[in-house]
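**Student:** Please see the structure below; I have some questions.
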Amino acid sequence: MLLPERTGLTRDDLDAFPDDGLRRELIDGELFVSARPALRHQTVMARLIWMLVSYCDEHGGLAVTEPNNDYSPRDHIEPDLVVVRADHRDRLSTRGIEGAPDVVVEISSPSTRGYDLVRKRAFYEREGVAEYWFVDLDEDVIIVHRLRDGAYGMPVFFARGATLTSPVLPGLAADVDALLGPAGP
C-alpha cells in the first residue's frame with residue numbers, strides 16, 4: 001500500500017521536486033509518491049482515452065491523461081484520466097484543472113490499489129466528482145461510483161460482455177471487452 005511520505009506540503013512544494021518520472025500527489029497536504037504504471041495499465045489507459053476523446057470530440061468537453069488537478073493549495077491529484085464536460089470548461093486553466101472533473105478514471109496498479117480504492121475514492125467523493133471509475137485489471141471489471149446527494153452510493157460493476165454507460169456522459173456506450181483488451185501483461 002502506498003503510504004504518505006511527508007505532510008504539510010502545498011502545490012508550490014511539489015513544483016520544487018525534480019522531474020524524475022515519479023508521480024507525486026497531495027491529499028490534505030500529505031505527499032504520496034508512486035512509480036509510473038506497467039504495460040497493461042498503459043495499454044488500457046490508451047484504449048480509454050481514445051474512447052473518451054472521441055466522445056468529447058462529438059459532445060464537447062475535454063478528456064486528458066494525468067492532468068494537473070488542483071483542488072486547493074494542499075490537494076493536488078494526477079488521476080490516470082479525467083473528463084470535463086463542455087458545460088464545466090470554466091474549471092480549466094493554463095495550469096490544468098481547478099476543482100472537480102466530471103469523471104475521474106483510475107486504473108489499478110498493485111502498489112496503488114488501496115490508495116485508489118480508499119483514500120482517493122473518499123477524496124473524490126468529498127470534492128464532488130460526479131463519477132469515479134476504478135478499472136480493476138485483476139478482476140477485469142470497471143467499477144463506477146456515482147455521486148448522489150453528496151455521497152457515492154453502491155458501485156455499479158461493468159464486467160466483460162457489458163456495455164459501459166454513464167448518466168454523466170449522455171450517449172456514451174462502450175464495449176468493456178474492447179476497453180480492457182486482452183487479459184494479461
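**Student:** From the C-alpha coordinates alone, can you work out the Kirkwood hydrodynamic radius of the stretch 37-180, in Å? Don't skip to the answer; put the middle values down first.
**Tutor:** Details: mean 1/r = 0.0659 Å⁻¹.
About 15.2 Å for the stretch 37-180.
**Student:** Starting from the stretch 93-153, pick out the GluC sites (Glu not before Pro) whose DSSP state is loop and whose Cβ has at most 15 other Cβ atoms within 10 Å. Provide the component values of the computation, followed by the final result.
**Tutor:** Numbers: sites: 98, 106, 125, 127, 131, 139; in loops: 139.
Here the GluC sites (Glu not before Pro) that fit, given the DSSP loop and packing criteria, are 139.
**Student:** Treating the angle as unsigned and between 0 and 90°, give the value, to the nearest 10°, between the Cα long axis of helix 39-59 and the longest Cα principal axis of the chain.
**Tutor:** Orientation of helix 39-59: about 70 degrees from the principal axis.
**Student:** How far apart, in nm, are the 7 Å Cα→Cβ label points at residue 54 and residue 98?
**Tutor:** The answer from the label model is 3.4 nm.
**Student:** How about the stretch 1-88: which trypsin sites (Lys or Arg not before Pro) there are in a DSSP loop, with at most 16 other Cβ atoms within 10 Å of their Cβ?
**Tutor:** Details: sites: 6, 11, 23, 24, 40, 47, 74, 85; in loops: 6, 74, 85.
Passing both the DSSP loop test and the Cβ count: 6.
Since every read-out is calculated from the coordinates, none of them should be taken as a lab result. Computed from a prediction, not measured in an experiment: that's the story for all the values here. Glycine gets a Cβ as well: all are built from the backbone with ideal geometry, and neighbour counts include every protein chain shown.
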